[in-house]
Each structure stands twice: as structure tokens, then as C-alpha cells.
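The values are calculated or read from the model by the stated rules, or taken from the named source; none is laboratory data. Small disclaimer: the values here were computed from a predicted structure and weren't measured. Here Cβ is always computed from backbone atoms with ideal geometry, including for glycine, and neighbour counts include all displayed protein chains.
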Amino acid sequence: MLEQLHDQGPLPVPRIADRLIAPRQFVQKTANALIEKGLIERRQNTAHRRSKLLALSPIGAELIETVLAREAVNIVRVSERLSPEEIATAVRVAEAMIEGFAEKETKDD
């Protein structure tokens, strides 16, 4: 969720749930916990008065930027050990998994 808010900016819970392919209730519970920890905050949604937007707090933004920087270093380190063919295979597998999860979510709706 922190990465989505970092990449996309403030979002309502339903949009986050769609992007994460996760139930809205799960996203709302997670958001509540992150709000309590001070990592995200609620903001007014000018498009819909009743629907709040979730946004990174300054602490949350700092945390996710640290995590993403560490992740980037690890991705480079690991990918240096892989051949282009192995990387292409990994990408195809990841894409197939994402499509599969999206199909399941559509069938569950």
C-alpha cells in the first residue's frame, strides 16, 4: 500500500484495493493500522465528499523511499547473476501470475 501511494499519490481505498487485487475490507484494515502508526493519513477528496483519500505521511514517505532504495540495490545484485534468458523467464512467470490473480478477482466479484 505504501508503494502504491508513493507511485500514484493520494488514492481512495477502492482504487488501492483494485490496484493491489485485494478485498476492500483488507485494504481498509491495513490502512487503519498504517494510520495508527503514522505512516499514512486521510485527506479530503474534492471529487467525492464522503470518500477520503489516503496519502503517505512524511514518515511513511521516508520509510518507503528507504525500502525502495534497498530493494533496488538487491535487485541489481541478484539480477547480475542471471542471464538475459533467465530474467525474461522470470518476467513471463510474474506477468502470468499477475494475470491469474486478476482473473480470479474478476470471477470472485
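I'm told Asp18 meets every condition in (1) at pLDDT 95 or above; (2) within 13 Å of the chain's Cα centre (by Cα); (3) in a helix (DSSP H, G or I) except one. Can you identify the failing condition by its number?
(1)
Condition first: touching a strand residue (DSSP E or B) at 6+ places or on another chain (Cβ under 8 Å) and not aliphatic (A, V, I, L, M). Now tell me which residues in the stretch 49-69 satisfy that. Spell out the reasoning first.
Let us first name the residues in the stretch 49-69 that are touching a strand residue (DSSP E or B) at 6+ places or on another chain (Cβ under 8 Å), namely 52-57, 60, 64.
Passing the criteria: Lys52, Ser57, Gly60.
Please count how many residues of the stretch 41-67 are part of a helix (DSSP H, G or I) and either farther than 15 Å from Glu3 by Cβ or modelled with pLDDT under 95 (or both). Give the steps one after another, and end with the answer.
Residues of the stretch 41-67 part of a helix (DSSP H, G or I): 58-67.
Those left that are additionally either farther than 15 Å from Glu3 by Cβ or modelled with pLDDT under 95 (or both): 58-59.
Going through the stretch 41-67 one residue at a time, the tally reaches 2.
Quick check: anything in the stretch 68-76 modelled with pLDDT of 95 or more, basic (Lys, Arg) and either in contact with a Lys or Arg (Cβ under 6 Å, 6 or more places away or on another chain) or assigned to a helix (DSSP H, G or I) (or both)?
yes
Residues in the stretch 71-84: is at least one on the phi > 0 side of the Ramachandran plot and either in contact with an Asp or Glu (Cβ under 6 Å, 6 or more places away or on another chain) or exposed (fewer than 12 other Cβ atoms within 10 Å of the Cβ) (or both)? Talk me through it step by step, then tell me what you get.
Our first condition is that a residue be on the phi > 0 side of the Ramachandran plot; within the stretch 71-84, this holds for none.
Within the stretch 71-84 (the criterion being on the phi > 0 side of the Ramachandran plot and either in contact with an Asp or Glu (Cβ under 6 Å, 6 or more places away or on another chain) or exposed (fewer than 12 other Cβ atoms within 10 Å of the Cβ) (or both)), the answer is no, since none of the residues qualifies.
Looking only at residues that are of a type outside the set (A, V, I, L, M, F, W, C) and surrounded by 16 or more Cβ atoms within 10 Å (Cβ to Cβ) in the stretch 25-59, which one is nearest to Ala102 (Cα to Cα)?
Checking each candidate, the answer is Thr30.
Exactly one of (1) touching a Gly at 6+ places or on another chain (Cβ under 9 Å); (2) not in a loop (DSSP other than H, G, I, E, B) is unmet by Gly38. Its number?
Failing condition for Gly38: (2).
Tell me, please, whether a residue that is closer than 25 Å to Glu103 by Cα and of a type outside the set (Gly, Ala, Ser) can be found in the stretch 72-89.
Scanning the stretch 72-89 turns up at least one residue that is closer than 25 Å to Glu103 by Cα and of a type outside the set (Gly, Ala, Ser).
In the stretch 77-103, which residues are of a type in the set (Asp, Glu) and under 27 Å from Asp18 (Cα atoms)?
Passing the criteria: Glu95, Glu99, Glu103.
If you check every pair at least six apart or on different chains, which have Cβ atoms under 7 Å apart with a residue in the stretch 3-24 that is within 21 Å of Gln44 (Cβ to Cβ) first and a residue that is assigned to a helix (DSSP H, G or I) and of a type in the set (Lys, Arg) second?
Gln4/Arg19; Val13/Arg24; Pro14/Arg24; Ala17/Arg24
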